[in-house]
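The values are calculated or read from the model by the stated rules, or taken from the named source; none is laboratory data. Not measured: the values here are computed from a predicted model. All Cβ positions, even for glycine, are placed from backbone atoms using ideal geometry, and neighbour counts span all protein chains on display.
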Amino acid sequence: MKRIFLFLVAIFSTFFLPADDHKPGNMADIAKAMVSAGYEGRDAFASMVEKHMADDGYNYPDRFVGFGFYYNPQSENPNTITSTVEGSSAAAAMKVGDVVLSIDGESAWQDAEPGPRKLGDVSSITVLRNGSELDLELALGVVNPRFVKADWLVGINGSSAEDWGSNMIDYNVIEAVAGESSAYVLHWRKFKDAESGVDAEQYAITRIGFNEDGMVNFVAELEEEELWYRQTGWTITR
């Protein structure tokens, strides 16, 4: 199942932060502005990340069950591994630059619909490395991805500004509350699912952490993912 990343467009929101915005007391304002920028557009969001995130800050996307490798299906070499996630089975067996030739004998692996799988199930993956074919065995596991600021910005700026949030119908950044070193932002969005064409909606909570200087040191999000899937016709089976 292809994942759809929903940092999205809205044309109605603007925001303002005071000149001394990195004081700890402004954590809620910065967090809410960062989430709002994600809906406003690619350039607005990239600007917020560049300005407010510490150089050693991290983005933590959703955890998922998989092998732990990334590739860019829009590139000239869509089957080439661009990165692996630390601690995953891919990180132990694959190298950046490997070309995935097949998974479990399926050469069109990007479009294949896998059958029921569970943690620990092993797949045979054939890759091309330095001109030689290698057969690897990778086990499915819980993958905990994270991207340092520089890599996150590469991904943001490498996306299409026109396509950013093109499936968004409506959104509302409802409120932000701050604790001692982090802020939580509650937001809602309605969007058209790219694969089914069905309208869906969900709430999400984004947690944004801050260091002692008031700079963002991590961004993570929880969303109603199962609700999204069921609204758009997906079923969850064993």
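Kindly state which strands (runs of 3 or more DSSP E) lie completely within the stretch 20-89 and contain at least 2 residues that are among the hydroxyl-bearing types (Ser, Thr, Tyr). Let's see the steps before the verdict.
On the way: elements: 53-60, 64-66, 69-71, 81-84.
Fully inside the stretch 20-89 and qualifying: 53-60, 69-71, 81-84.
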When the stretch 13-55 is examined, which residues are found to be modelled with pLDDT of 95 or more, hydroxyl-bearing (Ser, Thr, Tyr) and either surrounded by fewer than 16 Cβ atoms within 10 Å (Cβ to Cβ) or in contact with a helix residue (DSSP H, G or I) (Cβ under 6 Å, 6 or more places away or on another chain) (or both)? SER47
Go through the stretch 197-238 and count every residue that is hydroxyl-bearing (Ser, Thr, Tyr), more than 20 Å from MET48 (Cβ to Cβ) and assigned to a strand (DSSP E or B). 1
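Touching a Lys or Arg at 6+ places or on another chain (Cβ under 9 Å), assigned by TED's automatic domain parsing to the domain that holds ALA28 and without any contact (Cβ under 8 Å) to a residue 24 or more places away in the chain: is that true of ASN172 in this structure? Spell out how you get there, then give the answer.
On the way: touching a Lys or Arg at 6+ places or on another chain (Cβ under 9 Å): yes; assigned by TED's automatic domain parsing to the domain that holds ALA28: yes; without any contact (Cβ under 8 Å) to a residue 24 or more places away in the chain: yes.
Against the criterion (touching a Lys or Arg at 6+ places or on another chain (Cβ under 9 Å), assigned by TED's automatic domain parsing to the domain that holds ALA28 and without any contact (Cβ under 8 Å) to a residue 24 or more places away in the chain), ASN172 qualifies.
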Kindly indicate the residue of the stretch 189-216 that is among the β-branched types (Val, Ile, Thr), out of contact with any Leu (no Cβ under 9 Å at 6 or more places or on another chain) and at pLDDT 95 or above and also nearest to GLY233 (Cα to Cα) among those meeting that condition. ILE208
Out of all the residues in the stretch 150-168, is one or more part of a loop (DSSP other than H, G, I, E, B), assigned by TED's automatic domain parsing to the domain that holds VAL198, within 21 Å of PRO73 (Cα to Cα) and among the aromatic types (Phe, Trp, Tyr)? yes
Looking at TYR71, TYR58 in this structure, which one is within 28 Å of ALA204 (Cα to Cα) and without any contact (Cβ under 8 Å) to a residue 60 or more places away in the chain? TYR71
Exactly one condition in (1) of a type outside the set (Val, Ile, Thr); (2) in the same structural domain as MET215 (by TED's automatic domain parsing); (3) in a strand (DSSP E or B) is false for SER102; which is it? (2)
What is the residue count in the stretch 108-151 for residues that are surrounded by fewer than 10 Cβ atoms within 10 Å (Cβ to Cβ) and among the acidic types (Asp, Glu)? 2
Matching residues in the stretch 158-181 (among the polar types (S, T, N, Q) and either within 18 Å of ASP62 (Cβ to Cβ) or within 14 Å of the chain's Cα centre (by Cα) (or both)) number 2
